Structures are given as structure tokens and as C-alpha cells.
1. Could you check the stretch 67-80 and list, in sequence order, the residues that are within 14 Å of the ligand (Cβ to nearest atom) and among the aromatic types (Phe, Trp, Tyr)?
2. Pairs only if they're at least six apart or on different chains, beta carbon under 7 angstrom, first in the stretch 54-66 and within 11 Å of the ligand (Cβ to nearest atom), second among the aliphatic types (A, V, I, L, M) and in a loop (DSSP other than H, G, I, E, B); list them, first residue then second.
3. Working only within the stretch 12-26, note down all residues that are more than 7 Å from the ligand (Cβ to nearest atom) and crowded, with 23+ Cβ neighbours inside 10 Å.
4. Test of understanding: among Lys169, Lys161, which residue is of a type in the set (D, E, K, R), within 16 Å of the ligand (Cβ to nearest atom) and either at pLDDT 95 or above or over 21 Å from Asp78 (Cα atoms) (or both)?
5. Would you please list the contacts, defined by Cβ atoms under 9 Å and residues six or more apart or on different chains, that run from a residue in the stretch 215-241 that is within 20 Å of Thr194 (Cα to Cα) to a residue that is of a type in the set (D, E, K, R) and surrounded by fewer than 21 Cβ atoms within 10 Å (Cβ to Cβ)?
6. Let me confirm something: among Leu86, Leu118, which residue is near the ligand (Cβ under 9 Å from one of its atoms), touching a helix residue (DSSP H, G or I) at 6+ places or on another chain (Cβ under 9 Å), closer than 27 Å to Leu220 by Cβ and touching a residue at least 40 places away in the same chain (Cβ under 8 Å)?
7. Just name the residue that is surrounded by the most Cβ atoms within 10 Å (Cβ to Cβ) out of those in the stretch 141-153 that are within 11 Å of the ligand (Cβ to nearest atom) and closer than 16 Å to Phe106 by Cα.
8. Suppose we keep only residues that are part of a strand (DSSP E or B) and away from the ligand (no atom under 16 Å from the Cβ) within the stretch 126-140. Which one would you say is surrounded by the fewest Cβ atoms within 10 Å (Cβ to Cβ)?
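The values are calculated or read from the model by the stated rules, or taken from the named source; none is laboratory data. For clarity, every value in this text was computed on a predicted model and none was experimentally measured. Ideal geometry is used to build each Cβ from the backbone, glycine not excepted, and the neighbour counts take in all protein chains shown.
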Amino acid sequence: MPNHQPETIVITGASGGIGQALLNLLAEHYPNAQITATYRSTASLAQQQTNGTIRWQVLDLTDAQAVDQFARGFKRVDWLINCAGLLHQDDHGPEKSIRQFDSDFFLHNIQINTLPTLLLSQAFSGALKNSPQGVFASLSARVGSIGDNRLGGWYSYRISKAALNMAIKTLAIEWQRSHKNVCVAALHPGTTDTELSKPFQRNVPVDKLFTPQQSAGYLLQVIQGLSAENSGHLWAWDGHTIPW
Ligand SMILES: NC(=O)c1ccc[n+]([C@@H]2O[C@H](COP(=O)([O-])OP(=O)(O)OC[C@H]3O[C@@H](n4cnc5c(N)ncnc54)[C@H](OP(=O)(O)O)[C@@H]3O)[C@@H](O)[C@H]2O)c1
């Protein structure tokens with residue numbers, strides 16, 4: 001049965017381009033829901049418009065103890081959507097060739113793109129199990145699909161998202177047995193105009209570059225259609241599944 005009326009929503013990485021747009025849309029669509037949004041840095045907190053229905057909390061998603069502590073505040077969570085991610089940093093961009101591979105940058109990608117999903121699912125296992133129709137979703141990327149990899153390059157990002165996809169698939173199998181009401185999903189938002197994609201937008205046709213609001217609208221439609229019966233897939237913004 002499609003999932004329509006969440007009462008408790010947690011959105012992590014909510015200070016990012018897509019996270020913030022999705023947060024605003026969720027607050028608009030579900031004014032009676034309790035929404036908790038997390039951010040990492042104070043700089044991004046300063047940019048946030050606060051809204052009466054949203055509770056903001058600082059959280060470093062790579063800190064297992066902090067994630068566990070945060071999760072203890074919830075008895076039941078209906079939707080947990082993780083929007084954190086990393087593609088580039090000041091001194092490193094995605095690799096064009098294996099010659100540019102750097103182990104620290106690679107591990108940082110794993111830390112931000114893969115680890116949080118594992119820590120969140122572990123910490124929120126009980127709270128999601130208490131939902132009559134739970135959704136645990138993490139923003140992944142089409143480039144993390146092994147089957148869909150035609151261009152190569154971007155080793156660290158691709159590998160960290162492929163690992164995230166495997167985490168989602170494995171968790172979906174486990175929770176099909178233990179969390180019968182929960183859907184586990186990886187979501188591809190489409191190329192979206194945010195800080196993450198800014199340096200790489202040159203070759204993207206205008207109609208293929210979404211605003212964060214557009215992308216959030218598409219993602220919400222996908223999330224609303226999720227149910228425990230269709231757990232364990234990588235969904236694109238248009239509602240189609242992408243091969244792993
Ligand atoms: N934009 C695109 O075209 C595109 C395409 C495909 C997939 N995606 C995926 O969509 C997701 C959102 O991307 P976006 O474009 O919205 O990126 P963004 O604007 O750069 O936002 C990234 C978010 O991740 C958070 N974050 C990074 N490290 C964190 C940590 N250790 N703990 C907590 N939060 C952390 C950032 O928090 P701070 O601001 O506090 O650092 C920020 O809120 C990512 O997973 C990305 O891979 C994006």
C-alpha cells in the first residue's frame with residue numbers, strides 16, 4: 001500500500017541543496033507531522049530559514065556515537081531520509097583517471113556517502129520497526145550503478161555510492177524478515193543545481209538540470225509510492241528503477 005501520511009519524519013543532511021528543498025516540501029505537505037532536520041556545520045545552519053514545525057539538530061553523520069545518541073530521542077519514525085553526500089572538496093574533485101586516485105579522498109567519500117546509511121539504519125532500527133508504514137531512504141546516484149556505468153571515471157564517488165547501494169539492498173533483505181512494514185530505498189535525484197554539482201554542470205542540457213525544488217518534488221512522489229512490498233531498489237527521480 002503506498003505511503004501517504006507520515007507522522008514522524010527525520011531528514012538528515014537537510015542543510016544541503018536537495019535536503020533543504022525536500023525539507024520545505026515535506027513541511028508544506030505534512031503540516032501535522034513532527035519533522036526533525038539535521039545539519040552538520042554551523043555555517044549552513046545560519047542559512048536555514050526556521051519554520052515552526054521543524055526541529056533542527058546538529059549531527060555529524062560519520063560519528064557513530066552521535067548518531068546513536070540522536071536516535072535514542074525517537075520511539076517511532078515513519079520516514080527517515082538521508083540527503084547527505086560528497087562529490088568534491090576544496091583540494092579534490094572526482095577522478096578523471098586512476099592516476100588521480102588519492103586514498104584519503106577515497107576514504108572520505110566512503111565516510112560521507114556510505115557510512116551514514118549504515119549508522120542510521122543501525123541506530124533507527126527500533127524506531128522504524130515501530131512505524132506501521134516505515135520508509136528508510138538514502139540519496140544515492142545513478143553513477144553508483146555498476147550495470148549503468150558507461151563512461152568510467154569518478155572512482156571514489158562511484159564506488160562509495162555502489163557500496164551505499166549494496167548496503168541498501170542487504171538491509172532490505174534483512175528487514176523483509178524482521179521489519180515487515182518498512183521499505184528500504186536508494187534514490188537518484190537527477191542532476192540538480194546545488195553546490196555538489198556546480199563544477200560539473202557545463203555539459204548538462206538545461207532541461208536535464210533540475211532546481212532543488214523540482215528534484216524535491218520528484219523525490220517526494222517516489223517516496224509516496226514506496227511500500228514494504230517494493231523494498232530494496234534504486235529509484236530514479238522519474239519513478240523508474242535503475243539496475244544495481
Ligand atoms: N546534486 C546532484 O546533481 C546530485 C545528483 C545525484 C545524486 N546526488 C546526491 O544527493 C545528495 C544531496 O546532494 P546535494 O546536491 O543536495 O549536495 P549538497 O548541497 O552539497 O549537500 C550535501 C549535504 O551533505 C551534508 N554532509 C556532508 N558531510 C556530512 C557529515 N559528515 N555529516 C552530516 N552531514 C554531512 C552537508 O552538510 P553541511 O552543509 O553541514 O556540510 C550537506 O547538507 C547527495 O547524496 C548526492 O550524492 C546529487
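1. Passing the criteria: only Phe70.
2. Leu61/Ala84; Ala66/Leu59
3. Gln20, Ala21, Leu22, Leu23, Leu26, listed by residue number.
4. Exactly one residue qualifies, and that residue is Lys161.
5. Taking only residues 6 or more apart or on different chains, the pairs are Ser215/Asp193; Tyr218/Asp238; Ala236/Arg142.
6. Going through Leu86, Leu118 in turn, the sole match is Leu86.
7. The residue in question is Gly144.
8. Within the stretch 126-140, the match that is surrounded by the fewest Cβ atoms within 10 Å (Cβ to Cβ) is Val135.
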